[in-house]
1. Taking 0.36 nm per intervening residue step and subtracting the Cα-Cα distance, what contour gain separates Y23 from D157 on full extension?
2. Using a 10 Å cut-off on Cβ atoms, rank the peptides 297-308, 33-44 from the highest mean neighbour count down.
3. Treating only the Cβ of Lys, Arg, Asp and Glu as charged (+1, +1, -1, -1), what charge dipole size does the chain show about its Cα centre? Round to the nearest 20 debye.
4. For Cα pairs less than 8 Å apart in space and 6+ apart in sequence, what is the mean separation divided by the residue count of segment 226-273, i.e. the relative contact order in percent?
5. Could you work out how much longer the chain between E67 and S273 gets when fully extended? Use 0.36 nm per residue separation minus the Cα distance between them, nm to one decimal.
6. Testing the spin-label approximation: label points 7 Å from Cα along Cα→Cβ at V79 and L14. State their distance in nm.
7. Assign one of three labels to the chain, namely rounded, prolate or oblate, based on the Cα gyration tensor with a ≥ b ≥ c the square roots of its eigenvalues; rounded applies when a/c is under 1.5, prolate when it is not and a/b is larger than b/c, and oblate otherwise.
8. Using the alpha-carbon centroid of each, what span in Å lies between segment 112-176 and segment 198-228?
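Derivation of every value follows stated rules applied to the coordinates shown; laboratory data play no part. All values reported here derive from a predicted model rather than from experimental measurement. Cβ atoms come from the backbone with ideal geometry, glycine included; neighbour counts cover every protein chain shown.
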Amino acid sequence: MGSRVLEEFLRENLAELKSKGLYNEINILEGANGPVIEIGGKEFINLSSNNYLGLATDKRLKERAVEATNLYGVGAGAVRTINGTLQVHDELEKRIARFKGTEAAIAFQSGFNCNMGAISAIMTKDDAILSDELNHASIIDGCRLSGAKIIRVRHQDMDDLRAKAKEAIESGLYGKLMYISDGVFSMDGDVADINGIVEACREYDLISYIDDAHGSGVMGKGAGTVKHFGHSKDIDLQMGTLSKAIGVVGGYVAGTKDLIDWLKVRARPFLFSTSMTPASAAACIEAIDIMEGSTELHDRLWENGLYLKKRLKEMGFNIGNSQTPITPVIIGDEVMAQRFSKRLFEEGVYAKAITFPTVPMGTGRIRNMPTAAHTTEMLDMALSAYEKVGRELGVI
Ligand code: PMP
C-alpha cells in the first residue's frame, strides 16, 4: 500500500480541478499529427498543432530518421559529456549555427529543458533577469531555477524595460542583468521588437535572450525572428525549439563559440541527461536542408495564414493583431470560448480554446495554427464551421 497522504492529496486536488471544469482531458490521436487528424474514428481539420511547415510527417524527414537509426541505433547510449557525442549531434549543431548566422550552437533534448538549462547556466542568485510578462512557462521556470531576481517587464514595452534596467543598475544590488523575451508570442502571434531590444540591451549592457520557439521556421525565411531583423550577431542567446516548425523534438541555443563552450560545461540538462535520439537529430538536419534549399513551405504557411485571417475578418471575427500565421479568434468570455471550441469540434474542426490563466481574464480565444500542409479546401471547411458556429452563438 502506498502513502495515504499522497492518495488524499491527489483525490482532493483532482476532484477540485474536475469540479471547476479545469481538468484537461487529453485527446488520443489515431494516427499522425497532420493537417487532418483522427479522434474516436472521426476526422478533424487540425488547427491546433505547432507543425507549422508540415515537416512532422514529411517523407524526407522520415527517411533520414530511418537511415540514422540504421547507422547509429535507436538511442544515443549515454550523456554526451560522458560517452562522447555522435557525429549526427555534432553535425546538427553546426547546421543550426550556420542557419542562425552564429559561430556555434548547442542542442538539448527539448525546448523546455533548453530554457531551464541555458538560463540557469548563465544567471545566478547575484543577478537579475528582466522578463517580458507574457513569456513562456519554460522561461519563467528557467529564471526561477537560476535563483536570480526576476523583474517583470510590461509586454513589449521598451520604455518599461529601460526604466527597470536603470533602476536595477542604480540599486547596485545585482551583478549581471539579462533581458529575455519570446521572439513570437504564441497566444497573440505578435513579434518581438528585436531592433528595440538590441538598442535597449546595448544601452544598459543587458545580456539579450530571445526564445524563438514560434519564430524558427516561420520568420526570416525560416531562420527565425532575430535573423529576420538582421541581428544574428547582436542577440547573445538565440534559443529555439526543434519541435514546432522543424517538426521533430529538441531545443537549441545559438551564439558565440565561448557561449556554447560554457553551456556545454554548465547547462545541467546537457550534462546530466541523454541527448535526443540519432533519428531525431538526423531528421532535424533534413528539415534544415529543406528550409535552406527552398522557401516553398515557408511561403505556403504564410499564404495559408493570410487567407485564414482575411476570411475570418470578413466574417466579422476579432482576430487580434497577429503578425504571424498564428490566428487567434478572440471571443472574450471564458465559458463562451470553451463552448465555441466544443461546437467547432462537433463540426469537425480541432481548434482549442485558450482561457484564463493562460491569457488575461476576458480575452478567451480560439487559437488557430494553420500550417503549410493545409490545403485551401481544408481551410474552407474550417471556415464554414466558423461561420456556422459564430452565427449560432451570436459571436458574429
Ligand atoms: N518556448 C516557447 C515559447 C514555447 O512555446 C515552447 C513550447 N510550448 C517551449 C519553449 C518548449 O518547447 P518544447 O515543446 O520543444 O519543449
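1. Value of the extension gain: 44.8 nm.
2. So the order, starting with the most tightly packed, is 297-308, 33-44.
3. In debye, rounded to 20, the chain gives about 340.
4. That works out to 24 percent.
5. On the way: separation 206, 0.36 × 206 = 74.16 nm, distance 2.41 nm.
Gain on extension, E67 to S273, equals 71.7 nm.
6. Calculated label separation equals 3.4 nm.
7. Judged from the Cα gyration tensor, the chain comes out rounded (a/c under 1.5).
8. Result: 16 Å between the Cα centres.
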